[in-house]
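The values are calculated or read from the model by the stated rules, or taken from the named source; none is laboratory data. Because the structure is predicted, anything quoted here is derived from the model rather than measured. As a convention, Cβ positions derive from the backbone with ideal geometry for all residues, glycine included, and neighbour counts pool all protein chains shown.
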Amino acid sequence: MNTMTEKLSDRGLFGYLKILLRGSGQVMFQGNAWTGLLFLIGIFWGAYASHTPAVAWGALLGLMVSTATGYILNLPDEDGRQGLWGFNGILVGCAFPTFLGNTIWVWLSLALCAALTVWVREGLNNVMKPWKVNSFTFPFVVSTWLFLLAARAMHGLDATNMATPMLPEHLTTGGVLYIDQALQYLLRGTSQVFLIDSWVTGLLFIIGLLIASRWAALWAIIGSALAIVTASVLSASGHSIAHGLYGFSPVLTAIALATVFYRPCWRSALWALIGIIITVVSQAAMNVMFEPLGLATLTAPFCITTWAFLLPMFKLDEAKPDHSNWTPALKRHLQKK
């Protein structure tokens, strides 16, 4: 059995940094270190531009802790090389400083929650293996929900940045799509994947995706754009549309359905477009459902919708599941019964 120290020495510092960066990229299904680097740059830019530097440092801490947890637990080595230990942790690191205050207990809880996502992911993937899907970012969602809800009763976890619990009201404010601002709205939909409200960050994310996969970059743009149109047509909150809050889950759904689990073609494109629209509806529904708790939906609409579209595993003609595009770790989770 290899120890954590032995594994790190086998790869060296440079190899370990690549694993960390791949963990950042895997949030959008890209096991590419350069993509992950641009994602981190985007996070730091957006966090400092909005005067919330704790979000950037939380992201880095969550990424490092969750990756280290994979080594400590001696999980499958290929998962580590592909960055699959780190992507839930980096999202935890973005979420805690966004929703909770800046106390020592929040930072210790962030580290604990980031570590928790690693074994929650292993457990959920084992449960889902017979259906040939995996847990996506749901370990981040359920683990973060646990701590955010606990913050309502545990005052050491400062909940001052969380929404005030209230019964749902009429949420629509007549969403209006201003063409001159549409590009910013679109890019914010991408940046909000990491809970960052910055069109510059969104642009860096698109460039990062383009380095790894032109299809992923294209579908991230399509996902955010169609989310804006759908939310506007259905008169969702204009404020939420403008700040990308209807775009981030559809971006992930679009990349997953159109580029990762089905080979790109017109049938898979149609399937992905429908998935994007359903994700927007799911986002609105979950916003209402969680409003009494004052709890953010995080990426739950993406997870639930994408599971619903992958579980049938329809053979969409030439768009049947493209196993050649999957990483070895993903194949192991999805192809074995």
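Among the residues that make up segment 152-169, is at least one of them of a type in the set (A, V, I, L, M), over 21 Å from G31 (Cα atoms) and assigned to a helix (DSSP H, G or I)? Scanning segment 152-169, I find no residue that is of a type in the set (A, V, I, L, M), over 21 Å from G31 (Cα atoms) and assigned to a helix (DSSP H, G or I), so the answer is no.
Being modelled with pLDDT of 95 or more, more than 25 Å from L295 (Cα to Cα) and either of a type in the set (A, V, I, L, M) or surrounded by fewer than 24 Cβ atoms within 10 Å (Cβ to Cβ) (or both) is a property that holds for I221. Looking across segment 86-136, the residues that are in a loop (DSSP other than H, G, I, E, B), under 22 Å from L295 (Cα atoms) and not aliphatic (A, V, I, L, M) come down to G101, N102, T103, S135, F136. In segment 271-302, which residues are more than 16 Å from the chain's Cα centre (by Cα) and at positive phi? Selection gives G294 alone. Annotation note: of L38, L61, L84, the sole residue that is among the aliphatic types (A, V, I, L, M), within 17 Å of G15 (Cα to Cα) and either surrounded by 18 or more Cβ atoms within 10 Å (Cβ to Cβ) or at pLDDT 95 or above (or both) is L84.
The single condition among (1) assigned to a helix (DSSP H, G or I); (2) touching a Leu at 6+ places or on another chain (Cβ under 8 Å) that S66 does not satisfy is (2). Taken over segment 229-258, residues that are part of a helix (DSSP H, G or I), closer than 18 Å to V27 by Cβ and of a type in the set (A, V, I, L, M, F, W, C) amount to 8. Of the listed requirements (1) at positive phi; (2) touching a His at 6+ places or on another chain (Cβ under 6 Å), K132 misses just one: (2).
For segment 241-257, state whether one or more residues are over 17 Å from the mean Cα position of the chain (by Cα) and assigned by TED's automatic domain parsing to the domain that holds L311.
Within segment 241-257 (the criterion being over 17 Å from the mean Cα position of the chain (by Cα) and assigned by TED's automatic domain parsing to the domain that holds L311), the answer is yes, since at least one residue qualifies.
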